[in-house]
Amino acid sequence: WEDLLAGVALFSNKTGAQIRPRAAFPTRKSHQMGKRQRDDSPKQDNQTPQPPSPPQPPPPPPPSATPHELFQHGVIAIGGFQWYCIDYQAAKFCFETAHTAGYPCATVMLARLLWMGMGVTQDKETANRICENVVLELTRLIDQNDSMAEFGMGWMYFEGCGVGMDATAAFNYFHRSAIKSNPLAQYSVGKMCVDGGCEDSFREAKKWWSLAAEQGNLDAHCALGTFAHNELSDFAEAARWYRLAAQRNSPDGMCCLGAMHEDGEDVLQSDVIAAQWYRKAALMGHSESQFNLGVLCEDGRGVERNDKEAAKWYYLSAENGYGKAQNNLGILALRGQKRNEMEALRWFEIAAANDDEDGQFNLSQ
């Protein structure tokens, strides 16, 4: 763990620890002016294993549920553990009710929804404020070896929500929680191992993700899919994990599975199927899926070609801070009779500030 912490510290020094405990996605398409490509080679479909049982919605908490029970139901509803479908509205209700009753772990999970915009309007200011108010209570629970309090404190340090951003402190809290079999923390330890560039990082990450996935953690399912896709080029295994997640309403899983159908990677190449998965995730506020659906609308692949519809999805994605969508809004502003160079410049500057390479290229032109 000394080697892992050294890697985390090195990563933090290089980038300010701007890492997120979420699965990565296959890279999608953004535009540079005059540069558009597409691979239309035919691909074949393969069968993938089905989930261990038909996905079911999370059970509602009993009317007399305690704050702790409400919190547990909320974690289930975000796909944290067990094998139920994601239901962000149910999670929000459970976390809000437990937060109102003074349960600090629920406060952190409510802040996490607000911070990441998961099923709710993104509101980092409110998330930061409510986390600042529970630091002492979380510390008291951590002294009692509460694994969810340890995870909560780790997440706060990871994002800099309510406390100063500190990747090393985040890793320590995540690890303390992970060895107590907390699947949310197990996923996060794996993610930080990879992002920190530690020795044998993918081997360590896969170990932690596998432990979390066994408990039904959806982030771990997507992470294992991305590991199979990007590191092993095992597209069948990647599709299996993504499908397991997508069938339980994971927007990350839907986005990744849609990308595989769009590219025909060991599944049936179908822009129609890709658009269906993207749309379902986009309606849940998933910025990458909103962008990908916008690309299909702009190109007329899998859906009717419609620049207005493309602009709508790009705008929703751009409002969530997605640089590729911001760049493409700049491209659209340069098209047609209503060419607006000032609007295009504004979006290219925003995209470039978010480190989008195409936005930086277009801004330089």
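The values are calculated or read from the model by the stated rules, or taken from the named source; none is laboratory data. This structure is a prediction, so every number in the text was calculated from the model and none was measured. FYI the Cβ positions are ideal-geometry reconstructions off the backbone, even for glycines, and counts take in every protein chain you see. Ligands, DNA and RNA are excluded from the accessible area calculation, which covers all protein heavy atoms including side chains. Shrake-Rupley method; radii C 1.70, N 1.55, O 1.52, S 1.80 Å.
A compact table of results
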{"item": "Single residue of region 299-323 satisfying the filter (in a helix (DSSP H, G or I) and hydroxyl-bearing (Ser, Thr, Tyr)) that is surrounded by the most Cβ atoms within 10 Å (Cβ to Cβ)", "result": "TYR314"}
{"item": "Evaluation of GLY216 against (1) within 21 Å of PRO58 (Cα to Cα); (2) assigned to a helix (DSSP H, G or I); (3) touching a Gly at 6+ places or on another chain (Cβ under 8 Å) (one fails), failing number", "result": "(2)"}
{"item": "Test result for SER364, open to solvent by 50 Å² or more (accessible area, probe 1.4 Å), among the small types (Gly, Ala, Ser) and either free of Cβ contacts under 8 Å to residues at least 12 places away in the same chain or touching a helix residue (DSSP H, G or I) at 6+ places or on another chain (Cβ under 7 Å) (or both)", "result": "yes"}
{"item": "Subset of region 228-254 (residues that are surrounded by fewer than 24 Cβ atoms within 10 Å (Cβ to Cβ) and part of a helix (DSSP H, G or I))", "result": "ALA228, ASN230, PHE235, ALA236, GLU237, ARG240, ARG243"}
{"item": "Qualifying positions in region 97-112 - in a helix (DSSP H, G or I) and over 17 Å from SER147 (Cβ atoms)", "result": "THR97, HIS99, THR100, LEU110, ALA111"}
{"item": "Enumeration of residues in region 106-135 that are charged (D, E, K, R) and surrounded by fewer than 21 Cβ atoms within 10 Å (Cβ to Cβ)", "result": "ASP123, LYS124, GLU125, ARG129, GLU132"}
{"item": "Options LEU184, LEU138: the member that is surrounded by 24 or more Cβ atoms within 10 Å (Cβ to Cβ), of a type outside the set (Asp, Glu) and free of Cβ contacts under 8 Å to residues at least 40 places away in the same chain", "result": "LEU138"}
{"item": "Selection status of LEU296, touching a residue at least 24 places away in the same chain (Cβ under 8 Å), surrounded by 24 or more Cβ atoms within 10 Å (Cβ to Cβ), under 27 Å from LEU114 (Cβ atoms) and touching an Asp or Glu at 6+ places or on another chain (Cβ under 8 Å)", "result": "no"}
{"item": "Filter result for ALA101 (in contact with a Pro (Cβ under 6 Å, 6 or more places away or on another chain), over 25 Å from SER181 (Cβ atoms) and not aromatic (Phe, Trp, Tyr))", "result": "yes"}
{"item": "Residue list for region 122-175, filter: within 23 Å of ASP195 (Cβ to Cβ), in a loop (DSSP other than H, G, I, E, B) and not charged (D, E, K, R)", "result": "GLN122, GLY160, CYS161, GLY162, VAL163, GLY164, MET165"}
{"item": "Index of the failed condition, LYS191 passing every other in (1) buried (at least 20 other Cβ atoms within 10 Å of the Cβ); (2) among the charged types (D, E, K, R); (3) not in a helix (DSSP H, G or I)", "result": "(3)"}
{"item": "Residues (assigned to a helix (DSSP H, G or I) and within 24 Å of SER233 (Cβ to Cβ)) located in region 255-273", "result": "CYS255, CYS256, LEU257, GLY258, ALA259, MET260, HIS261, GLU262, ASP263, ASP271, ILE273"}
{"item": "Qualifying position, being in a helix (DSSP H, G or I) and open to solvent by 60 Å² or more (accessible area, probe 1.4 Å), among GLN276, GLN326, GLN290, GLN337", "result": "GLN276"}
{"item": "Only listed residue being over 22 Å from ASN182 (Cβ atoms) and touching a residue at least 24 places away in the same chain (Cβ under 8 Å), chosen from PRO63, PRO59, PRO67, PRO55", "result": "PRO55"}
{"item": "Residue match in region 282-294 (condition: under 17 Å from the mean Cα position of the chain (by Cα), of a type in the set (Ser, Thr, Tyr) and under 20 Å from ALA351 (Cα atoms))", "result": "yes"}
